[in-house]
Amino acid sequence: MVDSGGPRWDGPPIGAHRLLGDGSATALLLPTGEVDWWCAPAMDSPPVLWSLLDPAGASARWCGVRAVGTRGPAAGPTARTILRGPRGMIETWDGLRCPDGRGSALIRLVRGLDDDLEIVHALELGGFDAPEAVWGDGEAALNSGAVVAVGGAPKLPENRRTRRPRRTPPRGRSAACVVTFDPGRTADVGSRLRQRDAAARAAGAGRCRARLPRTHPERAAQALAVLQACTYRPTGAVIAAPTTSLPEAPGADRQFDYRYTWLRDASLAVSVAALLGHRDVGEQYLGFLHGQLDRLLDAPLSDVRGDAVPAEREVDGVTGWRGSRPVRVGNAAATQVQYDALGMVVEAVSVYLQQGGTLREETWRLVTTIADRCAEAPAERTSGIWELREPRRLVSADIGRWLALDRAIWIARGWRPLTRRGRWKRARAAARDRVLSALRDDGGLPQSYDEDGVGADASALMAPLFRLLDRRDPRAARLVDATIRALGAGRFLYRYEPGGDDGFAGFEGAFLPASWWAVSALAAVGRVDEARRRADAMCAALPELLAEEVAPFGGESLGNVPLVWSHMEAARAMYVLDAAVRRERWGVVGLALWRVGRVLSLRRGATP
């Protein structure tokens, strides 16, 4: 293993990966067929494969091959890769399977397309913040339990860290390698092929029932696939991303662990999934939130089981992607206060209801608890959705308060009309007044009400996006223009002015969720052509799997990947664009009829 003081190395391109997920674990796959990241048996377990963060880290790879191409979607339960080996073209199929809830299994099928296949598969396991696995008779011991690798005859000599079995099936026939936490599984090729076909059929059925926007429907489809792969099926929790410590600023210290579930990210996932015809995702996550009611006001994130997130700490002995250290596990944001995130929770409930969902008593209790907190809490310093290590009196906190109260009032009006709403209305008006009183001469909003918080912040775009400012109010368009002017970087947006003192070093990239906000906000204020041009430019520049950030003029993905938030904002931007086009063409009445038609088709289970 490379020592923590070793040389920098050119890590694999962050944006080149594909994502595997089975509802329990997640893995990343390179075009070379190397699995360089696998957290198992659960999404937040210590990584079993992790050469993504260190060239000497554990990996699963085919020896003596080079990349040719990939087939199929960038995220899902399975992935196909075309490679070239010494004797011609090779096709591999990779998948994660957890059909019966017993841990996770990495299944690798390989076959020769041009000639009889002769190939070696190299496998190392463990070693990340824990002892490396030592092989003996096809079995290795890890902290997370016994791991079994089956399939293929051993190639000698074989060391006890790397398992190198040789595969030699005839042309057109498949050989299997299975790495599993369940010793009862086997490498029977026929059963693996049947599992592959079943997984492909299930993924296809999910895509068929989705209601994708007409504008860049592929981005919405990718968002749903990423969301499904990042949803922990036993509880319904949605992780922010399956990785930790991919840097926002290579060589600096902006590395964090995102393998947990955030109110902010997962609530947006509920909204967008419902808009795209997958209301069941919203129901799963709302069920997860119901169990978090006693702690969610003061804990904006939890692990996938709903328990407290481990304390943030650094992992020694790992090089880090391109030398970016520290490598971290756990997350220090677990005890922060984020009113903007609470607003997104109630917004998610309102969208879920608009799309035909049912307001259960526990969901209504969730709404009223958040609304009461937003109405009663004093104007305090908070960390906000950017998770600032030094709390401020954030303007986005008041936008979040307004959003939570406005949507709670709307829900009460339609579903609980006897609810007394006077206190919520007064608090909503006060929050809105504070936000609007902070508008600057150029039409923009500062990050905070503090004297040193005058810089622009992309969270200001939530005001026109969520209709704190009506689209016909001239202040809405001025706010959008001022924010894009202050934070724009080509076709992208920074979340706030980079290079400032936010508690970390380095010059971070443009922030993809904020960049999609610019598209949505432009569409929301009626600037449809401008919004479409920006969306087209971003879609052309970005890979299928979206990271947290991007180098705005080099196009390199930065930060943890794939970020559910980035994908959800992309999908929402396309929905908002579609709605804006219809409003422009048919007017407000036509737009309302289109929305009603979508809801009715969802209730019938039809695909419009």
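Since every read-out is calculated from the coordinates, none of them should be taken as a lab result. Nothing here was measured: the structure is a model prediction, and the numbers come from that model. Cβ: placed from backbone, ideal geometry, glycine included. Neighbour counts: every protein chain shown.
Structure above, values below:
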{"read-out": "With Cα atoms, 0 to 90° folded angle of helix 474-487 axis to the chain main axis", "value": "40 degrees"}
{"read-out": "Segments 58-64, 10-16 sorted - mean Cβ within 10 Å per residue, highest first", "value": "58-64, 10-16"}
{"read-out": "Degrees between helix 564-604 axis and first principal axis of the chain (Cα, 0 to 90, nearest 10)", "value": "50 degrees"}
{"read-out": "Integer Hz, Karplus 6.51/-1.76/1.60 couplings in order for the stretch 222-237, x for Gly and Pro", "value": "5, 4, 5, 5, 5, 4, 5, 5, 9, 9, 7, 4, x, 10, x, 5"}
{"read-out": "Where labels lie 7 Å past Cα in the beta-carbon direction, separation of residue 298 and residue 433 in nm", "value": "3.0 nm"}
{"read-out": "Relative contact order %, the chain, counting alpha carbon pairs below 8 Å whose residues are six or more apart", "value": "13 percent"}
{"read-out": "Computed [θ] at 222 nm, helices only, for the chain once each DSSP H run of length n ≥ 4 contributes -39500 (n - 2.57)", "value": "-11500 deg cm²/dmol"}
{"read-out": "Under 18 Å from the residue 359 label point (7 Å along Cα→beta-carbon), backbone N, the stretch 258-278", "value": "271"}
{"read-out": "Relative packing of peptides 552-561, 18-27 - highest average C-beta neighbours within 10 Å first", "value": "18-27, 552-561"}
{"read-out": "Cα-centred dipole magnitude for the stretch 266-327, charges only on beta-carbon of K, R (+1) and D, E (-1), debye, nearest 20", "value": "240 debye"}
{"read-out": "Degrees separating the helix 263-275 axis from the principal Cα axis of the chain, which is the longest one", "value": "90 degrees"}
{"read-out": "Dipole axis of the chain (+1 Lys, Arg; -1 Asp, Glu on Cβ), positive-most option in 60, 574, 301", "value": "574"}
{"read-out": "Inter-site label distance for residue 214 and residue 134 at 7 Å from Cα along Cβ, in nm", "value": "6.5 nm"}
{"read-out": "Label-to-label distance, nm, for residues given as residue 305 and residue 586 (7 Å Cα→Cβ offset)", "value": "4.9 nm"}
{"read-out": "Diffusion coefficient, µm² s⁻¹, Stokes-Einstein with Kirkwood Rh over alpha-carbon pairs of the chain at 20 °C and 1.002 mPa s", "value": "86 µm²/s"}
{"read-out": "Farthest toward positive dipole pole in the chain [+1 Lys/Arg, -1 Asp/Glu at C-beta], among 107, 317, 48", "value": "107"}
{"read-out": "12 Å cut-off, amide nitrogen to a point 7 angstrom out along residue 313 Cα→Cβ, residues in the stretch 109-129", "value": "129"}
{"read-out": "Options 224, 589, 270, ranked by Cα towards positive dipole end of the chain, top entry (Cβ charges)", "value": "589"}
{"read-out": "Cleavage-rule hits, trypsin sites (Lys or Arg not before Pro), the stretch 397-426, DSSP coil, Cβ neighbours within 10 Å at most 12", "value": "420"}
{"read-out": "Protection-proxy order for peptides 587-598, 77-88, 318-329, each taking the mean of Cβ atoms within 10 Å per residue, highest first", "value": "318-329, 77-88, 587-598"}
